[in-house]
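Notes follow the structure.
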Amino acid sequence: MTKPQVVLGVSGGIAAYKACELLRRFTESGHDVRVVPTQSALHFVGEATWSALSGHRATTRVWDGVEEVPHVRIGQHADLVVVAPATADILAKAAHGLADDLLTNTLLTARCPVVFAPAMHTEMWEHPATRENVATLRRRGAIVIEPAVGRLTGVDTGKGRLPDPGEIFEVCRRVLVRGTAAPDLVGRHVVISAGGTREPLDPVRYLGNRSSGKQGYALARVALARGARVTLVAANTALPDPAGADVVRVGTAVQLREAVLKAAADADAVVMAAAVADFRPAHYAEGKIKKKDGEEPAPLELVRNPDVLAELSHDRPHPGQIVVGFAAETDNVLANGRAKLARKGCDLLVVNEVGDSKAFGSEENEAVVLAADGSETPVPYGPKEALAELVWDLVARRLG
Ligand code: CTP
């Protein structure tokens, strides 16, 4: 089997060194990578590094090896082109179709999916010129990953950091799996809740659940690879931020409700994959609850938490918004799922059978997706990303 052909474009930003890690991820997982740096990128990482790590001679010029017509061949043969880091300059050139070096020529000849991972100072990212260039590239079907927020070159902090190379790799891997299928969530804002809420009893204890957040993160990664703007409301997860997602961290059900409702105001779809505690302790002890010699513990008084899914479904900010819920059931899975779908009022309900080793914390999942229109879509046992793809297929179809 021939290896997937990846072109790694590197433009001239300080984050160029992080592209070495991205390159390794590709080569170590069986991809054939051609690195095409810009002349400026070589100020940060030299040609020798790119050639040695990729096993192909890296060059910036269209005039090297002209007998192989590299300015056309490299782009034509690629299964994926990823530019990381992508500077404001390369985004501008790509948006306007300039072709003055090997990378810009490659971008014009590639007919495969193209991913840009921008990194620059916040002012440059927010400049109307860059905003318009990014919008143009997205409109044409390119995936432009939102930069991360954090420390920039020097003392500055803000939006503009290159996301973690491992997470850029994850987006690219999903884009490669999708092949030439158009990114059908471009221009859409989706909100996903993930993880499990924790309801504190005192400063050291809480009522929680075993949700790892993996299914919600898989939904976020797949939506990003399909071009969506993603807000991920993460409750107590220990997973790396998916590249490009706006991650809002919450602890309790009440905090999750607030974050989800705020993000949902302009969202096209909301997927409630989080395990939200139905109840919380009625009283929070400011100090650690101590045991008293010879005394039985006081019964734990609980109060109801808001049902976020039901509220989202019934009070939609606009009629076209799609709301998806998840249901964990141990028995009478389908009957309970149908009743829950009706009770909550959502458009789709992903029903999982849970048990000792099923779903929680695992990489795989098996489910049935029930729809308000009466249809049922079984999802065979498989990776959580496959389930995520199917959920977004069903959502995309309903968004029209
Ligand atoms: N959910 C929610 N708010 C809650 C409880 C659950 O938004 N307070 C959402 C979950 O995110 C999930 C769906 O509702 O998408 C189903 O949660 P589940 O706990 O399985 O259903 P419940 O309605 O709590 O029903 P039961 O506990 O009776 O099975």
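The values are calculated or read from the model by the stated rules, or taken from the named source; none is laboratory data. Only a predicted model underlies this, so the values are computations on that prediction, with no experimental measurement involved. Note that we place each Cβ from the backbone using ideal geometry, even for glycine, and neighbour counts take in every protein chain shown. Surface areas here come from the heavy atoms of the whole protein model, side chains and all, with no ligands, DNA or RNA. Shrake-Rupley method; radii C 1.70, N 1.55, O 1.52, S 1.80 Å.
So which strands (runs of 3 or more DSSP E) stay within the range 194-296 end to end and still have 2 or more residues that are within 16 Å of the ligand (Cβ to nearest atom), open to solvent by 10 Å² or more (accessible area, probe 1.4 Å) and in contact (Cβ under 8 Å) with a residue 40 or more places away in the chain? Explain how you work it out, then say what you get.
Values: elements: 199-202, 205-207, 229-235, 246-250, 269-272, 279-281.
Per the criteria, 279-281.
Of the residues Val72, Val36, only one is in the same structural domain as Ala15 (by TED's automatic domain parsing) and either hydroxyl-bearing (Ser, Thr, Tyr) or in a helix (DSSP H, G or I) (or both); which? Step through it out loud before you land on a result.
Numbers: Val36 fails: either hydroxyl-bearing (Ser, Thr, Tyr) or in a helix (DSSP H, G or I) (or both).
None of the others qualify; the one that does is Val72.
Just checking, does the range 29-52 include any residue being charged (D, E, K, R) and either touching a residue at least 60 places away in the same chain (Cβ under 8 Å) or closer than 19 Å to Ala110 by Cα (or both)? Give the steps one after another, and end with the answer.
The initial filter retains those residues of the range 29-52 that are charged (D, E, K, R), namely 32, 34, 47.
Now restrict to residues that are either touching a residue at least 60 places away in the same chain (Cβ under 8 Å) or closer than 19 Å to Ala110 by Cα (or both): 32, 34.
Yes, some residue in the range 29-52 is charged (D, E, K, R) and either touching a residue at least 60 places away in the same chain (Cβ under 8 Å) or closer than 19 Å to Ala110 by Cα (or both).
Kindly check whether there is at least one residue in the range 303-322 that is assigned by TED's automatic domain parsing to the domain that holds Ser212, within 19 Å of the chain's Cα centre (by Cα) and over 22 Å from Leu207 (Cα atoms).
Kept after step one, since they are assigned by TED's automatic domain parsing to the domain that holds Ser212, are these residues of the range 303-322: 303-322.
Remaining after also requiring within 19 Å of the chain's Cα centre (by Cα): 322.
If we keep only those that are over 22 Å from Leu207 (Cα atoms) as well, we get 322.
So far as the range 303-322 goes, yes, one or more of its residues are assigned by TED's automatic domain parsing to the domain that holds Ser212, within 19 Å of the chain's Cα centre (by Cα) and over 22 Å from Leu207 (Cα atoms).
Selection of the range 387-399 for residues being in contact (Cβ under 8 Å) with a residue 12 or more places away in the chain and either open to solvent by less than 40 Å² (accessible area, probe 1.4 Å) or within 15 Å of Arg226 (Cα to Cα) (or both) yields Leu387, Ala388, Glu389, Leu390, Val391, Trp392, Leu394, Val395, Ala396, Leu399.
Quick grid of which residues meet (1) acidic (Asp, Glu); (2) in contact with a Lys or Arg (Cβ under 9 Å, 6 or more places away or on another chain); (3) more than 13 Å from the ligand (Cβ to nearest atom):
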position: Leu302; (1), (2), (3): no, yes, no
position: His318; (1), (2), (3): no, no, yes
position: Ile322; (1), (2), (3): no, yes, yes
position: Val333; (1), (2), (3): no, no, no
position: Ala339; (1), (2), (3): no, no, no
position: Ala342; (1), (2), (3): no, no, no
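Looking at Val149, Val190, which one is under 17 Å from the mean Cα position of the chain (by Cα) and either of a type in the set (Ser, Thr, Tyr) or open to solvent by less than 30 Å² (accessible area, probe 1.4 Å) (or both)? Steps first, answer last, please.
On the way: Val149 fails: either of a type in the set (Ser, Thr, Tyr) or open to solvent by less than 30 Å² (accessible area, probe 1.4 Å) (or both).
One residue alone meets the criteria, Val190.
Among the conditions (1) hydrophobic (A, V, I, L, M, F, W, C); (2) modelled with pLDDT of 95 or more; (3) farther than 17 Å from Asp89 by Cβ, the only one that Leu42 does not satisfy is (3). Cβ-Cβ distances below 7 Å connect the following pairs, each with a first residue in the range 324-337 that is touching a residue at least 60 places away in the same chain (Cβ under 8 Å) and among the β-branched types (Val, Ile, Thr), a second residue that is more than 7 Å from the ligand (Cβ to nearest atom) and not in a strand (DSSP E or B), and a separation of six or more residues or different chains: Val324/Cys346; Val324/Asp347; Val324/Val391; Val324/Val395.
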